[in-house]
1. Output the residues belonging to the stretch 232-247 that are more than 6 Å from the ligand (Cβ to nearest atom), surrounded by 15 or more Cβ atoms within 10 Å (Cβ to Cβ) and in a loop (DSSP other than H, G, I, E, B).
2. What is the number of the single condition among (1) farther than 17 Å from residue 133 by Cα; (2) away from the ligand (no atom under 15 Å from the Cβ); (3) touching a strand residue (DSSP E or B) at 6+ places or on another chain (Cβ under 7 Å) that residue 36 does not meet?
3. Would you mind telling me which numbered condition in (1) buried (at least 23 other Cβ atoms within 10 Å of the Cβ); (2) more than 19 Å from the chain's Cα centre (by Cα); (3) within 13 Å of the ligand (Cβ to nearest atom) residue 204 fails?
4. Across the stretch 104-136, what is the number of residues that are within 14 Å of the ligand (Cβ to nearest atom) and under 18 Å from the mean Cα position of the chain (by Cα)?
5. Being within 15 Å of residue 191 (Cα to Cα) and in contact (Cβ under 8 Å) with a residue 12 or more places away in the chain is the filter; apply it to the stretch 265-275 and report the residue that is nearest to the ligand (Cβ to nearest atom).
6. So, residue 253, is that one more than 14 Å from the ligand (Cβ to nearest atom) and in a helix (DSSP H, G or I) or not?
7. Do you know which of the residues in the stretch 208-222 that are in contact with a strand residue (DSSP E or B) (Cβ under 8 Å, 6 or more places away or on another chain) and closer than 16 Å to residue 15 by Cα is farthest from the ligand (Cβ to nearest atom)?
8. So if I check each of 197, 222, which one is surrounded by fewer than 23 Cβ atoms within 10 Å (Cβ to Cβ), within 17 Å of the chain's Cα centre (by Cα) and either under 13 Å from residue 167 (Cβ atoms) or modelled with pLDDT of 95 or more (or both)?
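The values are calculated or read from the model by the stated rules, or taken from the named source; none is laboratory data. The structure presented is a predicted model; accordingly, all values stated were derived computationally and were not measured. With ideal geometry, Cβ positions are generated from the backbone for all residues, glycine too; neighbour counts draw on all protein chains shown.
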Ligand SMILES: NC(=O)c1ccc[n+]([C@@H]2O[C@H](COP(=O)([O-])OP(=O)(O)OC[C@H]3O[C@@H](n4cnc5c(N)ncnc54)[C@H](OP(=O)(O)O)[C@@H]3O)[C@@H](O)[C@H]2O)c1
């Protein structure tokens, strides 16, 4: 698979397509990630709270791929925010993954009520400086959280991983990212499968001889976002990686743009409500 990459604000490159493992039980994760690596994915998105860093690490170790061919992301859980707790939680994640470093470490949620993301971010800066992660970023941050982080620390996140799919296209947030050099990474890119019968998408899919899931992933790629679909089904894992051999035209992009519902299109929680 000839993979497009997105260059982050510190020069590190992330494959534009990755494989997400939320809700995959640890015991099944090595098999799913192994199938993904065989299908050509080179980027894996896990998190401490998913409970499957061990299975992810097993698949990486058994893949036969060189470490530098892979891009591994994990995330700090909310209860572990704060300077010293962050450093300890990072060690625990690395240990479970069985790795010497990760490629990207993310603050999972801003948790505004805890108000600990600034101290947490300073610890992330130390992990970056020590070479224990190649890039640092955040997840589920709104512009006000990003602005505060940047103003108070001077360190711009490389990535903000947020809910993004045709029902929730996040145009304002993406514009903020573009202005500040933050890469947008889309979680639940397939809206968890809820959109696959939508007539706009089935219509485009039929015309192109593709599936609705492939059409949605292609839309993400053409938008320029990093995208991390999840599946435990080998045929779907392979199908979701086969998205580089066709292009959506302007009319397709316009039709999909029309599906945006703004905040009403969220399937996950509002980031301000997660603490
Ligand atoms: N940072 C955050 O707060 C956050 C939050 C949510 C998710 N994420 C990340 O984003 C990743 C993806 O999000 P997600 O898992 O919520 O949802 P998703 O990737 O949008 O959708 C996954 C669902 O769609 C199904 N599916 C996948 N490919 C399909 C296909 N080609 N045809 C039909 N159905 C298909 C899967 O079923 P099967 O598995 O049964 O095949 C699964 O039920 C997560 O795994 C995680 O890494 C991050």
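1. 242, 243, 244
2. It fails just one condition, (2).
3. Result: residue 204 passes all but (3).
4. The qualifying residues number 7.
5. 268
6. yes
7. 221
8. Numbers: 197 fails: within 17 Å of the chain's Cα centre (by Cα).
Residue meeting the stated conditions: 222.
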